[in-house]
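Chemist: Take this structure first; my questions come after.
The values are calculated or read from the model by the stated rules, or taken from the named source; none is laboratory data. Keep in mind that this is a model prediction, so the values were computed, not measured. Cβ coordinates were reconstructed from backbone atoms using ideal geometry, including for glycine residues, and neighbour counts include every protein chain displayed. Only protein heavy atoms, including side chains, enter the accessible area calculation; ligands, DNA and RNA are left aside. Shrake-Rupley method; radii C 1.70, N 1.55, O 1.52, S 1.80 Å.
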Amino acid sequence: SREFFDDLSGPALRQGWQWPWDRAPARRFVDGALALRTSTRADESAIDTVVARPTLTGDYTATARIVESRGADEGIVGIAAYGDPENAIGISRSGANVFVWMREKGKQRTLATAPVKGPALDLRIVAADGRRFRFAYSTNGREWRTLGEAEGGYLPPWDRAVRVALAVGGKPNSEGLFESVRIETR
């Protein structure tokens, strides 16, 4: 198995991070965390602004630690298996809730929701065959709660375009803070 880890402490993103050519992310580093900001054209999409890493296989576990920030009650902050701005699937926090969502052909729907407390939250995606996804979250980094599963067969094949993305969405100029990301391939 191979592992990628980034503590996202700055002062710049490490080599290998990617984003859509027409959507350069508004980003900065704050208190040892990566802050991503939604665009002024943001809608209710969970993936308005992303920075992403390619996956090396269709079988991986991706975990991100997010922390609350200004505008967190309006923002959607999470991790996704990202095909393109119209097609992705992920787990995100918005205010006092964590939720699993899928976005297909530009239409987003929520699959599962749970209440959460505390300033930090770990979010996890477990991918199998590049198209079956299981989602979980942890408030302490040790105990994980499964929040749902989904088929992502509508996403592009993992070896062509699907990436693990740190994503923010919601209202315009919302900001999300990411403390770390780990991607382990099986």
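Chemist: Could you grab me the full set of residues in region 21-41 that are in contact with a Gly (Cβ under 9 Å, 6 or more places away or on another chain) and either under 16 Å from Val77 (Cα atoms) or part of a strand (DSSP E or B) (or both)?
Modeler: Arg28, Phe29, Val30, Ala33, Leu34, Ala35, Leu36, Arg37, Thr38
Chemist: Name the one entry in Gly153, Gly176 that is open to solvent by less than 30 Å² (accessible area, probe 1.4 Å) and among the small types (Gly, Ala, Ser).
Modeler: The unique qualifying residue is Gly176.
Chemist: Within the set of pairs 6 or more residues apart or between chains, which connect a residue that is farther than 18 Å from Thr55 by Cα and open to solvent by 40 Å² or more (accessible area, probe 1.4 Å) inside region 13-25 to a residue that is in a loop (DSSP other than H, G, I, E, B) and of a type in the set (S, T, N, Q) with Cβ atoms less than 9 Å apart?
Modeler: Arg23/Ser39
Chemist: Residue by residue through region 49-66, note down the ones that are in a loop (DSSP other than H, G, I, E, B) and either β-branched (Val, Ile, Thr) or within 11 Å of the chain's Cα centre (by Cα) (or both).
Modeler: Thr55, Thr57
Chemist: Among the basic types (Lys, Arg), touching a residue at least 24 places away in the same chain (Cβ under 8 Å) and open to solvent by 40 Å² or more (accessible area, probe 1.4 Å): which single residue out of Arg53, Arg93, Arg37, Arg103 fits that description?
Modeler: So the residue among Arg53, Arg93, Arg37, Arg103 that is among the basic types (Lys, Arg), touching a residue at least 24 places away in the same chain (Cβ under 8 Å) and open to solvent by 40 Å² or more (accessible area, probe 1.4 Å) is Arg37.
Chemist: Every residue in region 137-152 that is assigned to a loop (DSSP other than H, G, I, E, B) and of a type outside the set (D, E, K, R), please.
Modeler: Thr139, Asn140, Gly141, Trp144, Gly152
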